[in-house]
1. Could you state the angle between the C-alpha long axis of helix 489-498 and the longest principal axis of the C-alpha atoms of the chain, as a value from 0 to 90 degrees rounded to the nearest 10?
2. Among DSSP beta bridges lying fully in the chain, give the percent that are antiparallel, nearest 5.
3. Under 18 Å from a label point 7 Å along Cα→Cβ of residue 164: give me every residue in region 195-232 with its amide N that close.
4. Return 122, 12 ranked ascending by Cβ neighbour count within 10 Å, so the fewest neighbours appear first.
5. So if R0 is 30 Å, what FRET efficiency would residue 5 and residue 337 give, r being the distance between their Cβ atoms, rounded to the nearest 0.05?
6. Taking 7 Å along the Cα-to-C-beta vector as the label spot, tell me the residue 213-residue 185 distance in nanometres, rounded to one decimal.
7. Can you tell me what the convex hull of the Cα atoms of the chain projects to on average, as an area in nm²?
8. What does the highest-first list of 99-107, 384-392, 451-459 look like by mean Cβ count within 10 Å?
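What follows draws every value from the coordinates through simple rules; no lab data is involved. Note that the structure is predicted; figures quoted are calculated from it, not measured. A quick note on method: Cβ atoms are made from the backbone with ideal geometry, for glycine too, and the neighbour counts reach across all protein chains shown.
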């Protein structure tokens with residue numbers, strides 16, 4: 001009973017502290033969601049009757065979330081229906097994921113290293129900089145992290161698939177994991193294989209049946225979405241692999257690819273202090289045998305790590321599900337420190353430093369450098385360094401800012417102008433900036449109930465005909481955004497400037513960066529009437 005109370009208090013208190021912190025941050029930030037975050041919130045609107053346009057009525061159930069599994073969109077839609085649609089409301093869909101993640105980290109750490117290690121593991125998980133950033137973003141990976149660790153807990157509790165009830169529960173969790181993101185399969189495969197081999201499941205008919213129960217439940221439930229979407233997914237995975245090459249990510253099987261996620265773990269997920277703690281923890285946990293089933297934990301980490309490394313497209317959020325497991329290793333080491341005055345003082349100092357780091361990376365401290373680089377890292381389209389700390393992540397995550405990126409103003413202006421001209425409100429967007437892109441313009445158009453169709457132009461190969469099908473175009477004067485998506489922006493912008501008889505200025509806007517944005521109406525000669 002004591003341990004149950006300890007678990008409940010730890011999980012609920014840390015969840016409340018994290019989300020109290022996030023609410024303060026969200027209250028100070030007015031920026032729109034960036035690329036994928038806006039896209040997922042838009043898909044969530046397809047599941048709310050009041051905000052779904054008539055054009056979406058033809059969607060079959062498995063099509064409403066595009067090529068992404070639908071679970072996270074369901075959770076965002078639920079938040080929209082309980083409260084109202086909006087960027088900050090959408091983030092509330094992550095609160096249950098926090099509860100599940102911390103519960104799972106606690107249970108797994110307690111099983112492997114004891115209740116004190118479990119409390120430390122939960123605390124370190126909550127104080128991980130990258131996880132705090134991602135917890136207030138509507139990406140699939142945060143829920144994926146929660147379901148993955150929860151699945152490991154259920155897998156342990158099956159005791160090699162002896163327990164039918166826990167095997168069934170595992171199947172349900174795996175179904176939710178697969179319906180959150182397809183990467184779940186890559187993460188759970190190695191732990192499943194480890195338990196299958198260690199428990200000699202194939203030698204016991206009962207265990208085989210329980211394993212089959214788990215696989216059938218997860219396969220049938222998730223297959224309802226995956227099977228009809230297979231052709232779409234095949235195309236998506238092929239295109240996604242090409243994106244990795246365009247972004248300049250290192251080729252698979254190269255040295256840089258092998259250490260890629262190690263660099264991201266230190267420089268962008270944990271930062272220097274937590275990474276140093278993890279390194280020491282790995283040594284002492286191994287030498288002192290502080291974790292009961294080290295093979296299970298090590299292979300759960302190594303399997304997911306290897307799968308992500310073998311993908312050409314890479315991102316720090318792809319290995320987010322492993323952060324809770326790393327926290328268990330660090331927590332087991334810290335919990336093993338002898339109860340001396342100096343050790344207690346060291347623990348207090350460590351927590352104080354981590355809390356300071358959390359404030360630094362979320363609210364910023366002006367008298368400190370924005371980043372402290374230990375070593376310069378791999379250079380693709382972006383440079384990935386070894387960092388002591390960061391105050392922001394490529395100007396996307398970091399301190400809150402009260403900025404207006406003009407989505408509402410542009411959408412209202414297009415609606416008014418197109419109504420006066422009796423034309424369809426179709427917008428071509430030339431730049432692809434984090435807070436000024438196709439996804440968040442389309443999202444705000446949906447939120448405001450304005451039927452503006454928005455597309456980002458990526459090619460100028462057809463000359464002036466590249467603008468066919470659009471009645472308006474929006475350009476920025478300087479920064480165009482990510483180079484792998486805006487290679488044609490300079491040429492597209494030049495066409496606008498060189499053809500004032502076709503591109504007629506409607507409105508000028510000043511963006512928070514000081515850059516200028518211009519909205520143009522695309523004038524086309526009407527065919528003359530024959531007498």
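1. 20 degrees
2. 70 percent
3. Under cut-off, by backbone N: 204-218.
4. Taking fewest neighbouring Cβ atoms as first place, the list is 12, 122.
5. Using R0 = 30 Å, I get an efficiency of 0.80.
6. Going from the residue 213 label point to the residue 185 one covers 2.5 nm.
7. Computed as one quarter of the Cα hull surface, the answer is 28.5 nm².
8. On the way: 99-107: 24.4, 384-392: 19.1, 451-459: 17.2.
Averaged packing, sorted descending, gives the order 99-107, 384-392, 451-459.
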